[in-house]
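Peer 1: One structure coming up, written as structure tokens, with questions to follow.
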Amino acid sequence: MQVIKNFERIGEENAFAVLARANALAATGKSVINLGIGQPDFPTPENIVEAAVKALRDGKHGYTATEGIPELREAVANSLSQRYNTQVDSRSVMIMPGGKVTMYAAISLFGQPGTDILYPDPGFPIYKSMIDFTGANAIAMPIRESNAFGFSADEVLSLITDNTRLVILNSPANPTGGVTPKHEIDRLVAGLAARPDIAILSDEIYDQLIYDDEQHTSLLEYPEIRDQLIVLNGWSKTYAMTGWRLGYSVWPDKLFEPVRKLAVNAWSCVNAASQYAALEAITGPQDAVAHMLSIFDERRIATVAALNELPGVSCITPKGAFYAFPNITQTGWQAKKLASTLLEETGVAIIGGPDFGALGEGYLRLSYANSTPNILEAISRMHVFLENQGPPG
Ligand code: PLP
């Protein structure tokens, strides 16, 4: 058997490996606090669960249209149009089996040897993994603490060449919690609109997890790039539905048919009951979303304050998502070594910045999707550890 070469280049998401190790340690009786994995610690709201149960009881057991049930596509289009004061046509909406699958589809449409795809570094690891898989050149767009972890329009535009086929953007961002300000997005959009041959994948999965009265700027607000724009979004983070495997994306007309065909070949459709749950999520009461957001906000403040008390650590206040990305350069530790040592010795599961790209060295990612007492206990264990143990030799 000879598996194609591309599989020598495909990467992974280390958060899942850390989760497995954390669970294995917990199974031996060790006290483990998991600030590694990026998923809300809340259950899916009851009305959403009930909608799925009802769908199953009502006999929604068969295939649906590949692109999703019409009422859900309509509801997504209406919700986006209202949220971003724009016009989204339901015919451009595709229901996907998870947010991640939109990445897979978009990168598959544009990645091949000889082409460049720009991606954020540090950023969600699957962008680079999938680009490498296709054989395209993965061009890192630096995301800097000095820029509050937003992207810089000038820097992104300076990386564009004649070979660039796709630019991947993510705000609010994983792993940093950074939110790129509107003026920066305005300037980037102006530059990208002048290059209609380049597609844009805007990963907006954290669009509703944003703090301090910041407004999310969706790239859907810019009609001048609509023919180039793919928007990735979904229910996983906003509605605590990571295990349902549900997502949606908005596609330009000319890309819709290729992605629909990819879906027919790969997954046929998203499971029917989940689609009815998703419909209830966006058309039903939204108070659970506001409630979760206010709890994340309290934890965010507590997490950053506690991190800034650690010796050699400094942490800027993230404006979105549910991650803190403290700078640990003054501790003298390499980030991945510190993360793995902390897990083994103190039971605190966190992720080293380099798992999100080479420019993540010097940082850790903590997910504050855990209770405040657990977060404070984890950071206090880190405190004791850092006070007593310096980096190896
Ligand atoms: N995009 C970003 C930036 C993420 O952080 C994640 C999940 O962690 C996803 C997409 C994938 O979401 P889903 O679980 O819906 O596939």
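Peer 1: Tell me, please, whether a residue that is touching a residue at least 12 places away in the same chain (Cβ under 8 Å), under 30 Å from ALA65 (Cβ atoms) and surrounded by fewer than 17 Cβ atoms within 10 Å (Cβ to Cβ) can be found in segment 266-274.
Peer 2: The answer is yes; a qualifying residue exists.
Peer 1: Still on this model: Please go through segment 119-146 and give me each residue that is within 20 Å of ALA173 (Cβ to Cβ), in contact (Cβ under 8 Å) with a residue 12 or more places away in the chain and either in a helix (DSSP H, G or I) or not assigned by TED's automatic domain parsing to the domain that holds GLY247 (or both), ordered by number.
Peer 2: Answer for segment 119-146, where residues must be within 20 Å of ALA173 (Cβ to Cβ), in contact (Cβ under 8 Å) with a residue 12 or more places away in the chain and either in a helix (DSSP H, G or I) or not assigned by TED's automatic domain parsing to the domain that holds GLY247 (or both): PRO125, ILE126, TYR127, LYS128, SER129, MET130, ILE131, GLU145.
Peer 1: Can you confirm whether ILE160 is away from the ligand (no atom under 15 Å from the Cβ) and in a loop (DSSP other than H, G, I, E, B)?
Peer 2: yes
Matching residues to (1) away from the ligand (no atom under 16 Å from the Cβ); (2) free of Cβ contacts under 8 Å to residues at least 24 places away in the same chain; (3) assigned to a helix (DSSP H, G or I):
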site: ALA75; (1), (2), (3): yes, no, yes
site: GLN87; (1), (2), (3): yes, yes, no
site: ARG91; (1), (2), (3): yes, no, yes
site: ALA105; (1), (2), (3): no, no, yes
site: ILE117; (1), (2), (3): no, no, no
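Peer 1: All but one of (1) within 13 Å of the ligand (Cβ to nearest atom); (2) out of contact with any strand residue (DSSP E or B) (no Cβ under 6 Å at 6 or more places or on another chain); (3) not in a loop (DSSP other than H, G, I, E, B) hold for ARG165; which doesn't?
Peer 2: So ARG165 meets the others, but not (1).
Peer 1: Since THR180 meets every condition but one in (1) outside any helix (DSSP H, G or I); (2) in contact (Cβ under 8 Å) with a residue 40 or more places away in the chain, which condition does it not meet?
Peer 2: (2)
Peer 1: Same structure again: Restricting to segment 219-240, name every residue that is within 16 Å of the ligand (Cβ to nearest atom) and assigned to a helix (DSSP H, G or I).
Peer 2: Passing the criteria: only LEU219.
Peer 1: Here's something else I'd like to know. Answer with yes or no whether THR303 is touching a residue at least 60 places away in the same chain (Cβ under 8 Å) and over 21 Å from PHE124 (Cα atoms).
Peer 2: Judged against the criteria, THR303 is a match.
Peer 1: OK, next. For LEU293, only one of the following conditions fails: (1) assigned by TED's automatic domain parsing to the domain that holds ILE131; (2) in contact (Cβ under 8 Å) with a residue 60 or more places away in the chain. What is its number?
Peer 2: (1)
Peer 1: Could you check, for segment 324-340, whether at least one of its residues is buried (at least 17 other Cβ atoms within 10 Å of the Cβ) and farther than 25 Å from LEU25 by Cβ?
Peer 2: Yes, because at least one residue in segment 324-340 is buried (at least 17 other Cβ atoms within 10 Å of the Cβ) and farther than 25 Å from LEU25 by Cβ.
Peer 1: Filter segment 183-204 down to the residues that are outside any loop (DSSP other than H, G, I, E, B) and either at pLDDT below 95 or within 16 Å of the ligand (Cβ to nearest atom) (or both) and list them by number.
Peer 2: Just the residues of segment 183-204 that are outside any loop (DSSP other than H, G, I, E, B), to begin with: 183-193, 199-203.
Once the filter is applied, which keeps residues that are outside any loop (DSSP other than H, G, I, E, B) and either at pLDDT below 95 or within 16 Å of the ligand (Cβ to nearest atom) (or both), segment 183-204 yields ILE200, LEU201, SER202, ASP203.
Peer 1: So for segment 309-322 (the condition being aliphatic (A, V, I, L, M), at pLDDT 95 or above, buried (at least 23 other Cβ atoms within 10 Å of the Cβ) and over 17 Å from ARG381 (Cα atoms)), does at least one residue qualify?
Peer 2: yes
Peer 1: Got a number for residues in segment 363-385 being farther than 24 Å from ALA240 by Cα and surrounded by 20 or more Cβ atoms within 10 Å (Cβ to Cβ)?
Peer 2: So the answer is 3.
Peer 1: Next question, about the same structure. For segment 241-260, what are the residues that are within 14 Å of the ligand (Cβ to nearest atom) and in a helix (DSSP H, G or I)?
Peer 2: Step one: list which residues in segment 241-260 are within 14 Å of the ligand (Cβ to nearest atom), which gives 241-249.
Of everything in segment 241-260, those that are within 14 Å of the ligand (Cβ to nearest atom) and in a helix (DSSP H, G or I) turn out to be THR242, GLY243, TRP244.
The values are calculated or read from the model by the stated rules, or taken from the named source; none is laboratory data. As the structure is a computational prediction, the values presented were derived from the model and not from experiment. As a convention, Cβ positions derive from the backbone with ideal geometry for all residues, glycine included, and neighbour counts pool all protein chains shown.
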